[in-house]
1. Do we have any residue at all in the stretch 67-84 that's within 16 Å of ligand 1 (Cβ to nearest atom), within 25 Å of Met122 (Cα to Cα) and part of a strand (DSSP E or B)?
2. Within the stretch 67-88, identify whether any single residue is at pLDDT below 95 and either touching a strand residue (DSSP E or B) at 6+ places or on another chain (Cβ under 6 Å) or of a type outside the set (Ser, Thr, Tyr) (or both), and answer yes or no.
3. Check the stretch 31-41 and report whether any residue there is crowded, with 18+ Cβ neighbours inside 10 Å, more than 11 Å from the chain's Cα centre (by Cα) and part of a loop (DSSP other than H, G, I, E, B).
4. Any residue that is within 12 Å of ligand 2 (Cβ to nearest atom) and either of a type in the set (S, T, N, Q) or open to solvent by less than 80 Å² (accessible area, probe 1.4 Å) (or both) - is there at least one of those in the stretch 174-196?
5. Since Lys59 meets every condition but one in (1) within 16 Å of ligand 1 (Cβ to nearest atom); (2) more than 30 Å from Asp138 (Cβ to Cβ); (3) open to solvent by less than 10 Å² (accessible area, probe 1.4 Å), which condition does it not meet?
6. Just name the residue that is farthest from ligand 2 (Cβ to nearest atom) out of those in the stretch 74-116 that are more than 10 Å from Ser46 (Cα to Cα), in contact (Cβ under 8 Å) with a residue 60 or more places away in the chain and open to solvent by less than 20 Å² (accessible area, probe 1.4 Å).
7. When residues of the stretch 46-71 are filtered for being under 22 Å from Val20 (Cβ atoms) and near ligand 2 (Cβ under 10 Å from one of its atoms), how many remain?
Amino acid sequence: MVLFVSSKIGQGENKKGRLVIISGPSGSGKTTICKQLMENSRIRRSISYTTRGRREGEKEGIDYHFIEKSEFEKLINENKLAEHAEYCGSLYGTPIEPIKEAIENGKIFILAIDVMGALQIMKKIPEVTSIFIMPPDDETLRQRLRERLTDSDVDIHKRLELANEELKYSKHYDFCVVNDQLDDTVKKIRGILNLS
Ligand code: ADP
Ligand code: 5GP
């Protein structure tokens, strides 16, 4: 994939766009952190395709593009995805076009994606800045997933099991940030991205 992306650190306003990956176990806080980062008008977030069912409160085209497996396979065959991966039995993928558009328009474009998808992007676009969000500890992660009230006990169990595997991939990322106090986490990430 040919994209003109600037280097990892040290970019100001009016510079070329930049691609940023944010990964971390389910419940580590990626969505919450992205929402806060998006208060800055230079930040945009990729909206993924997924075959997962829509959770209560999620909106089509805002949280995800919710599609059937056959439609997802069509997107893969038409080379419309920058990466894709299976997570807890559902497919997730990042559309290519919005990345190109955001980078051309000087935006900092965030992909909140799983570790398998992240590795694909790191290989294709080495200039990407990658940030891994760590939960403070296992018990806090379990509690946050429970309190989010979006997943069944079975799903929470699956996601916690996967979390231990995902943590092993944190060493592939440029930065690891422990999401203990949300304000501190967001401040650290703004620092990494040189945002005020
Ligand atoms: P992810 O997108 O990584 O799956 P979420 O952003 O949905 O995770 O966060 C999971 C839950 O934890 C949400 O209910 C969110 O409000 C809460 N949460 C996120 N970060 C923190 C934090 N630093 N302290 C307390 N609760 C948090
Ligand atoms: P959730 O079902 O909790 O919304 O997301 C499950 C996992 O899929 C999370 O780790 C999330 O970051 C990841 N994910 C979301 N969109 C994508 C995507 O487009 N590609 C990949 N590889 N993972 C994604």
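1. no
2. Checking the stretch 67-88: at least one residue is at pLDDT below 95 and either touching a strand residue (DSSP E or B) at 6+ places or on another chain (Cβ under 6 Å) or of a type outside the set (Ser, Thr, Tyr) (or both).
3. Checked against the condition, which is being crowded, with 18+ Cβ neighbours inside 10 Å, more than 11 Å from the chain's Cα centre (by Cα) and part of a loop (DSSP other than H, G, I, E, B), the stretch 31-41 yields no hits at all.
4. No - not one qualifying residue is present in the stretch 174-196.
5. It is condition (3) that Lys59 fails.
6. Gly106
7. The total comes to 8.
Residues are listed down the side, and each one gets a yes or a no for (1) closer than 18 Å to Thr32 by Cβ; (2) free of Cβ contacts under 8 Å to residues at least 24 places away in the same chain; (3) not in a helix (DSSP H, G or I):
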site	(1), (2), (3)
Asp155	no, no, no
Lys158	no, no, no
Glu161	no, yes, no
Lys171	no, yes, no
Val177	yes, no, yes
Asp184	yes, yes, no
Arg190	yes, no, no
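The values are calculated or read from the model by the stated rules, or taken from the named source; none is laboratory data. All figures in this text were calculated on a predicted structure; none of them were measured in a lab. Please note: Cβ atoms are built from the backbone with ideal geometry, for glycine as well, and neighbour counts cover all protein chains shown. Ligands, DNA and RNA are stripped out before the accessible areas are found, and what is left, the full protein with its side chains, is counted by its heavy atoms. Shrake-Rupley method; radii C 1.70, N 1.55, O 1.52, S 1.80 Å.
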